[in-house]
1. Report the Stokes-Einstein translational diffusion coefficient (µm² s⁻¹, integer) for the chain, Rh taken as the Kirkwood radius over Cα pairs, at 10 °C with viscosity 1.306 mPa s.
2. Suppose each label sits 7 Å from its Cα in the direction of the beta carbon; what would the His104-Val173 distance come out to in nanometres?
3. Would you mind calculating the relative contact order of the chain from Cα pairs under 8 angstrom and at least 6 residues apart, reporting the percent as a whole number?
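The numbers here are math on the coordinates, done by the rules we state, and not lab data. None of these values were measured; they are calculated from a predicted model. Every residue, glycine as well, gets a Cβ built from its backbone with ideal geometry; the counts of neighbours run over all protein chains shown.
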Amino acid sequence: LTLFGESHNPEIGVVIDGLGAGIKIDEDYISLCLSRRRPNSMIETSRKESDHYRFISGVFNSYTTGSSVGIIIENENIKSSDYDDIAHLARPGHADYTAYVKYHGFNDYRGGGHFSGRLTTPIVIAGAIVKKALEKFDIKIVSHIKQIGNVIDRDFEDLNEDVALVKDQFFPVLNQV
């Protein structure tokens, strides 16, 4: 998996290597996964993106071809001038200092550059493709929110039942009280 692009480039994307030929691309499932990634409350980023993507290689007639799968995602909400006054400040809770040290000051600081949360979009798309590919081997990947503060959810008990319970939840928890 190779990510490319930065938060304020016209596009970001991903290249997925190693997928076999004949894997069905489920665009409805990709859309569902992307909708879970998007901010949906006032406590998250105010940046709104449609997450429009397109395959540029490795997919033909909705199936993988066996070559590298290349995906481009458009960035639409780019207001680079918002970062002019803080270009050389490390923001708390961000990777600004890490990026500065790693790239010796040549990093794209706008919106966090390559360290932006926007780069989770290609990861989600790749994950959706791989999760669907694993289903034919009866491999399922699920998670639930175990704890927030002092509120603790129960552990997985009956795996089949619990997987079915949380797999499509927007806020996945096992305790349904």
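1. For the chosen part, D equals 86 µm²/s.
2. The two pseudo-label positions are separated by 5.0 nm.
3. The value is 26 percent.
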